[in-house]
1. Residue by residue, what Karplus-based ³J(HN,Hα) values in Hz, rounded to whole numbers, does the range 152-161 have, using 6.51, -1.76 and 1.60 with θ = phi - 60° and x for Gly and Pro?
2. Given R₀ = 22 Å, what would the calculated FRET efficiency be for ASP89 paired with ARG110, taking r from the Cβ atoms and rounding to 0.05?
3. With +1 on each Lys and Arg Cβ and -1 on each Asp and Glu Cβ, and nothing else charged, work out how big the dipole of the range 44-96 is about its Cα centre, in Debye to the nearest 20.
4. Run the reach check for LYS86 against aspartates and glutamates, Cα to Cα strictly under 12 Å, same-chain hits fewer than 8 apart removed. What comes back?
5. A 29 angstrom limit on the alpha carbon distance is what I want to check against. Which of LYS173/LYS196; LYS171/LYS196; LYS171/LYS199; LYS101/LYS137; LYS96/LYS199 exceed it?
6. Name the residues whose placed amide hydrogens come within less than 5 Å of the amide hydrogen of LEU120, ignoring near sequence neighbours (fewer than 5 apart) on the same chain.
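No lab work stands behind these numbers, since they all come straight from the coordinates. Bear in mind that the values here come from a model prediction, so they are computed numbers and not experimental data. No Cβ is skipped: glycine too gets one built from the backbone with ideal geometry, and neighbour counts run over all protein chains shown.
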Amino acid sequence: MSNEKQVDSGRRGLLAATCAVGGVAGLATAGALVSTFQPSERAKAAGAPVEVDITGMAPGEMKTVEWRGKPVWILKRSPDMVASLKKTDGQVADPKSERNKEDLTPEYARNEYRSIKPELLVAVGICSHLGCSPTTKFQPGAQPSLPDDWAGGFLCPCHGSTFDLAGRVFKNKPAPDNLQVPRHMYLSETKILIGKDEKGEA
């Protein structure tokens, strides 16, 4: 009798140990599987708002940061650059940013400057035509691929679309819309948060 009990208890012990090991392995596998449904830290960071320090930016200087895999420009416009926007009002296709305004221009940027502060432009540096990235052409005056009365702005090298210093596309160009102004807000005089404003995240 006692031998039978010892064998039974041994089998029970072996069975319990096997179940325990199998259970741990099963939980580990399930945990790994569930974790694949969660966004990685890198993926979260790619879509998260981006804080930008603009301390020390000089008039005429532009800084580029990445947000959601896109280049975002922060341009500190000089007084002359700001003044040039009045001159280009009649030359741009959508001076008041009324086309696709919900997608391209937050309400607080639907003005001549397309910005919260006249001297600071925040725009996604991707042409609305086929997604090329325009180059800076801040120097006013005649230049290759630009008109003689060029006041400064951006030139898309792919198909020649031009944008003024507020990211507004000039008339009769391939690009259908102005450059996108992402949601943004000022955390302080020297810090901008891109991808979020008082109404929430983009």
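1. My calculation for the range 152-161 gives x, x, 9, 10, 7, x, 6, 9, x, 5 Hz in order.
2. On the way: r = 14 Å, r/R0 = 0.63.
Using R0 = 22 Å, I get an efficiency of 0.95.
3. On the way: 9 positive and 7 negative charges, 28 e Å.
For this selection, approximately 140 debye.
4. Candidates past the 8-residue exclusion: GLU112, ASP164.
5. LYS173/LYS196; LYS171/LYS196; LYS171/LYS199, as the Cα separations exceed 29 Å there.
6. Here the answer is ARG77, since their amide H atoms fall under 5 Å of that of LEU120.
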